[in-house]
Amino acid sequence: MGAERARITARIILESLIVGVAFMSSLPRTLGELRRSIFSEERLRTRRVKDELRENLTARLRAGGDAPVFPGIVGYDDTVVPQIINAILSRHNFILLGLRGQAKSRILRALTTLLDPHMPYLSGCEVHDNPYAPICRRCREELARLSEDSPIAYLAPDERYVEKLATPDVTIADLIGDIDPIKAARGGHELSSELTVHYGLLPRANRGIFAINELPDLAGKIQVGLFNIMQEGDVQIKGYPIRLPLDVALVFSANPEDYTARGKIITPLKDRMGSEIRTHYPATVEEGIAITAQEAWTHRNGHPLHLPNYVQEVIERVAFAAREDKKIDKRSGVSQRLPISAMENVVSNAERRAIRNDEKVVVPRISDVYAALPAITGKLELEYEGEMKGADFVGRELIRAAIAKTYDEYYTGSNVQQIVQWFDLGGEIQLSDSVPAVEALEKLKGIQGLVDKLGPLGVSQKENPEQQVSAAEFILEGLHAHKRIGRSEERVFRAGEKKPEAAREKSFEPDERPYRQRRQFN
Ligand SMILES: [Zn+2]
């Protein structure tokens, strides 16, 4: 059966390759052929890239039904996506405003799916000139010489997307171009001739999409150059006026804080952006989980993975808790890359345990979430108070809060008194994140009532030991997060802190007072 399926798959791949090659080789190769094809002068001469985006989007909307307009963009169906659609239908340049890790770059890249599969241009042209209306002098001269025999080449959608991360050291030369003295000397051209221009990123994006990320970081002078190109098609390079009536869909991204700060973006440029669209973090834990599941690398070769829902929820809630925590800088935000990287580390820690203990299936546990701290702490920009406590401490606190909330989803109203009592009567159990499942399960079964309580997690005693241990450990971690039982650094679960200890804890308060006073002077 497997071999048969492989044979069919191979045949399908081969056939689609043949069709693709046949189509490519049937594409017109000269201007004369182009004129008589679907790429007629009537259709292409005045069709700008924003017309093309609009046309293809309209077709997709019409055919769409329930299919997403931008596949792979999760959680924006009712907010960001309709606004982007409107911007494209309006033929706007637009800017996405949002904190980091809100899929801004991904959305901008997804715009290439609205470009034609093949775009004809005059072969050899650095700015991919429209065969019917070239803007560069080289092409106008070529056209006069070769006329209908002028060779035609094609660009795929990906080749028509140019992306630049704005930094303060980006120059006009990077973005728009430079006078090339060698070209000038070799060709004997006047220095101000277009033929001596070494084109920058923007002209190379002609007839495509040009994306500038973190626009406010671009120097004011460069923004003026950008504006002049958008507005007039004119720009000065080293004092020489150059005319470049480019056809580019300009899209930008920025952090809203930087964007609104006075003077960060020159007003005329702001004015030229038709739409300003705000992105956001996932609104619900479920959406967050869907994004993380899509982005995290969890399907690996080797052991099969069983990823419990409650582990996914805890990881996602760490990000949600971090976004609300006042110890973490609101302005830089908490990227969706936090749960994504954390998930990868969680799976790796579980994988490491499975390999070491020769287990058949990889089942992440809550202890693996703690082991994923290195994937969490680096993504938190701490405020003063957070800095004082340290990233590790803040990270652990977030995980604990996430566990408490997730535990409540499954166990609110459940009677777990029997388990707590077992610890109160002096029971202790050590559960390191490396202990083999069979061994751990033996110990966990000694706790009265624990393995009977796995039902709400969808785990029964018929399940393999790896799953049972993960679920039972989640209950213990939940009780610990709610301070009903204690747990040491060495992962020994034992009775919770007694009253006298709580009183002793109170005596720490005076220590904090000077710190609070200091805070006021900041
Ligand atoms: Zn050209």
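Some notes on this structure:
- Scan of the range 199-241 for residues that are in a strand (DSSP E or B) and touching a helix residue (DSSP H, G or I) at 6+ places or on another chain (Cβ under 7 Å), ordered by number: Gly208, Ile209, Phe210, Ala211, Asn213, Asp234, Val235, Ile237
- Matching residues in the range 360-392 - criterion: being open to solvent by 50 Å² or more (accessible area, probe 1.4 Å), in contact (Cβ under 8 Å) with a residue 40 or more places away in the chain and in a helix (DSSP H, G or I): Tyr384, Met388, Lys389
- In the range 252-318, counting only helices (runs of 4 or more DSSP H) that sit wholly within it, the ones holding 1 or more residues that are crowded, with 16+ Cβ neighbours inside 10 Å, modelled with pLDDT of 95 or more and of a type in the set (A, V, I, L, M) span 285-295.
- Single residue of Ala402, Ala440 found to be closer than 24 Å to Glu316 by Cα and either over 30 Å from the mean Cα position of the chain (by Cα) or not in a loop (DSSP other than H, G, I, E, B) (or both): Ala402
- Within the range 393-418, being open to solvent by 80 Å² or more (accessible area, probe 1.4 Å) and under 18 Å from Ala372 (Cβ atoms) holds for Phe393, Arg396, Lys405.
- Every listed requirement among (1) assigned to a loop (DSSP other than H, G, I, E, B); (2) within 13 Å of the ligand (Cβ to nearest atom); (3) open to solvent by less than 50 Å² (accessible area, probe 1.4 Å) is met by Thr167 save one, (2).
- For beta carbons closer than 7 Å, sequence separation of 6+ or different chains, a first residue in the range 221-246 that is more than 19 Å from Lys264 (Cα to Cα) and a second that is of a type in the set (Ser, Thr, Tyr), the qualifying pairs are Tyr240/Ser192.
- In summary, helices (runs of 4 or more DSSP H) completely within the range 31-74 and bearing 1 or more residues that are open to solvent by 80 Å² or more (accessible area, probe 1.4 Å) and without any contact (Cβ under 8 Å) to a residue 24 or more places away in the chain occur at 41-44, 49-64.
The values are calculated or read from the model by the stated rules, or taken from the named source; none is laboratory data. Quantities reported herein were computed from a predicted structural model and do not represent experimental measurements. When we count neighbours, we look across all protein chains shown, and the Cβ atoms used for this are built from the backbone with ideal geometry, even at glycine. Just the protein is used for accessible areas: all its heavy atoms, side chains included, with ligands, DNA and RNA removed. Shrake-Rupley method; radii C 1.70, N 1.55, O 1.52, S 1.80 Å.
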